[in-house]
Amino acid sequence: MARHYDAIIIGAGIIGCATSLALGRKGWKVLNLDRLPAAGYGSTSGSCAIIRPYYSTLDGSAMAYESHFYWNNWADYLGGDDIDERGLIEYHNVGSLVMKTEANDYLRPTMALMDQLDSPYSEFTPEQIREKLPVWNTESFYPVKRPDDPEFGVANDEPLPGAVLFHAAGYISDPQLATHNIMRAAEIAGGEFQYNAQVVEIRRADGRVCGVILESGESIDAPVVLNAAGPHSSKVNQMADVEKSMQVKTRALRQEVAHVPLPDGYRRETACVTSDSDIGLYTRPEQGDALLIGSEDPPCDPHEWVDPDDYNKDFTEQWRVQVLRTCQRVPNLGVPNQMRGVVDLYDVTDDWIPIYDHSDLPGFYLAIGTSGNQFKNAPIAGELMADIIEATQKGNDQDANPIDFHLKYIDHTFSSGFYSRLREVNQDSSFSVLG
Ligand SMILES: Cc1cc2nc3c(=O)[nH]c(=O)nc-3n(C[C@H](O)[C@H](O)[C@H](O)COP(=O)(O)OP(=O)(O)OC[C@H]3O[C@@H](n4cnc5c(N)ncnc54)[C@H](O)[C@@H]3O)c2cc1C
């Protein structure tokens with residue numbers, strides 16, 4: 001006889017685990033299935049795990065600001081500080097220093113959003129930037145170029161006018177451990193996890209979802225199935241035949257993140273996350289005395305859309321491009337011969353805003369399109385998904401009447417219609433990983 005659950009979640013990444021925890025706390029019997037051997041081994045494991053409150057939209061920023069409090073009160077969220085034999089993650093709440101540039105309108109719109117949300121920040125002069133980050137060069141090189149451009153590395157006449165330090169920001173020590181923490185909490189709430197279990201078919205009966213079939217041939221029953229398959233989301237949507245009717249779709253984007261030795265003079269005590277649209281990069285300190293360098297996807301870099309089952313997992317010239325761009329900002333940064341870091345995938349929507357929604361197939365739900373920027377939001381996304389699923393299963397029409405969601409720490413309510421699969425592409429988005 002087939003096993004039966006209240007809900008099956010495809011994926012045990014941070015989004016799938018957080019949704020399992022939230023549904024478990026509502027009393028649901030949940031099974032997470034993952035094709036990989038453990039929780040958080042998919043794209044979550046490659047995450048830079050940066051926490052920051054600024055997005056391009058008010059609702060996006062509100063959820064991100066709220067997430068800071070979840071990470072700061074991690075044991076409360078999990079239900080105890082002894083729930084995981086591997087220990088709990090650390091949130092390094094070091095702030096994020098964002099350079100004021102032409103590309104971000106010198107952060108005027110961002111500061112206006114932070115004012116609306118009462119999210120604290122401090123404006124920095126170039127001198128204060130150099131005090132905090134002594135190795136930082138505050139010249140401007142905008143627009144972002146590739147190293148083969150003859151103007152690459154040539155500073156503009158005007159230096160950067162300054163930066164803004166956002167205080168509700170930092171990074172998580174270990175994104176995979178964060179997922180393991182949530183998975184253990186979900187197990188305490190009654191959740192089950194099955195690994196090396198690839199879903200190959202979404203089953204239907206009477207026009208509704210009724211379960212899944214695994215590669216092993218096993219059939220499992222559930223009236224609710226959630227697609228939390230990360231960069232494989234589009235493939236899973238195709239299995240369920242729900243993609244055609246979606247206004248906003250998802251696809252996998254290849255990314256390279258460089259880890260290079262910290263330059264001499266980099267002071268870990270005052271270091272923070274940096275975001276720099278002048279050179280198209282973000283950085284943060286990484287374990288092992290390294291500097292982590294990620295791309296903000298400047299227009300001069302081609303997007304590499306890939307098949308998540310068949311892409312190049314080796315570093316390419318892009319790794320060197322990112323390191324050389326950083327050398328503009330940090331002139332004494334060495335460029336090692338050995339490339340280290342991460343090659344992984346984002347699951348990107350047309351407007352780089354995720355989809356948290358139901359679908360046209362009753363009982364089939366979507367927590368996808370996290371666009372390189374939803375690690376931080378996962379605990380809230382899980383609770384939002386659990387509320388959407390519960391309300392929809394009780395008969396609410398999520399398209400006509402999307403539920404409201406209250407962010408308890410910052411006392412802000414937003415409509416979940418913001419994350420609808422049927423939305424018009426949101427023109428307020430940055431159309432980049434910045435969301
Ligand atoms: C390089 C990089 C840097 C990032 N940096 C940041 C950052 O600094 N801050 C931030 O907030 N966000 C960041 N992100 C984004 C964040 O990490 C993701 O939004 C988040 O981890 C996505 O989690 P997920 O659970 O949706 O996906 P995943 O972790 O990919 O989990 C999906 C799971 O589904 C499984 N799966 C897929 N198909 C099937 C199937 N058919 N059957 C069974 N299982 C299946 C996979 O094996 C996988 O484990 C970054 C992402 C990357 C790649």
Residue 98 passes all but one of (1) of a type outside the set (Phe, Trp, Tyr); (2) touching a residue at least 60 places away in the same chain (Cβ under 8 Å); (3) over 19 Å from residue 267 (Cα atoms); which number fails? (3)
Would you call residue 260 buried (at least 21 other Cβ atoms within 10 Å of the Cβ), outside the structural domain of residue 364 (by TED's automatic domain parsing) and not in a loop (DSSP other than H, G, I, E, B)? yes
Give 181, 137 a once-over and let me know the one that is polar (S, T, N, Q) and outside the structural domain of residue 53 (by TED's automatic domain parsing). 137
Just for segment 350-395: of the residues that are in contact (Cβ under 8 Å) with a residue 40 or more places away in the chain and of a type in the set (Val, Ile, Thr), which one is farthest from the ligand (Cβ to nearest atom)? 389
Answer yes or no: is there a residue in segment 287-296 that is part of a loop (DSSP other than H, G, I, E, B), closer than 16 Å to residue 433 by Cα, not assigned by TED's automatic domain parsing to the domain that holds residue 236 and not polar (S, T, N, Q). yes
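Name the single residue that is nearest to the chain's Cα centre (by Cα) among those in segment 116-134 being among the hydrophobic types (A, V, I, L, M, F, W, C) and assigned to a helix (DSSP H, G or I). Talk me through it step by step, then tell me what you get.
Initially, segment 116-134 is screened for residues among the hydrophobic types (A, V, I, L, M, F, W, C), giving 117, 124, 129, 133.
Now narrow it down to the ones that are assigned to a helix (DSSP H, G or I): 117, 129.
Numbers: 117: 21, 129: 27 Å.
Looking at the filtered set, the residue picked out is 117.
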Breaking point among (1) acidic (Asp, Glu); (2) under 17 Å from residue 350 (Cβ atoms); (3) touching a residue at least 40 places away in the same chain (Cβ under 8 Å), for residue 243: (3)
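For every residue, the table says whether it meets (1) crowded, with 19+ Cβ neighbours inside 10 Å; (2) modelled with pLDDT under 95; (3) of a type in the set (Asp, Glu).
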site	(1), (2), (3)
22	yes, no, no
79	no, no, no
85	no, no, yes
97	yes, no, no
Residue in segment 234-252 that is farthest from residue 201 (Cα to Cα), counting only those that are crowded, with 24+ Cβ neighbours inside 10 Å and of a type in the set (Val, Ile, Thr): 250
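Looking only at strands (runs of 3 or more DSSP E) that lie completely in segment 135-205, which have at least 2 residues being charged (D, E, K, R) and either within 16 Å of the ligand (Cβ to nearest atom) or touching a residue at least 24 places away in the same chain (Cβ under 8 Å) (or both)? Break it down into steps so the answer makes sense when it comes.
Numbers: elements: 163-166, 170-172, 192-194, 199-205.
Ranges flagged: 199-205.
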Among the residues in segment 215-233, are any assigned to a helix (DSSP H, G or I) and surrounded by fewer than 19 Cβ atoms within 10 Å (Cβ to Cβ)? no
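The values are calculated or read from the model by the stated rules, or taken from the named source; none is laboratory data. Everything numeric in this text was worked out from a predicted model, so none of it was measured. A quick note on method: Cβ atoms are made from the backbone with ideal geometry, for glycine too, and the neighbour counts reach across all protein chains shown.
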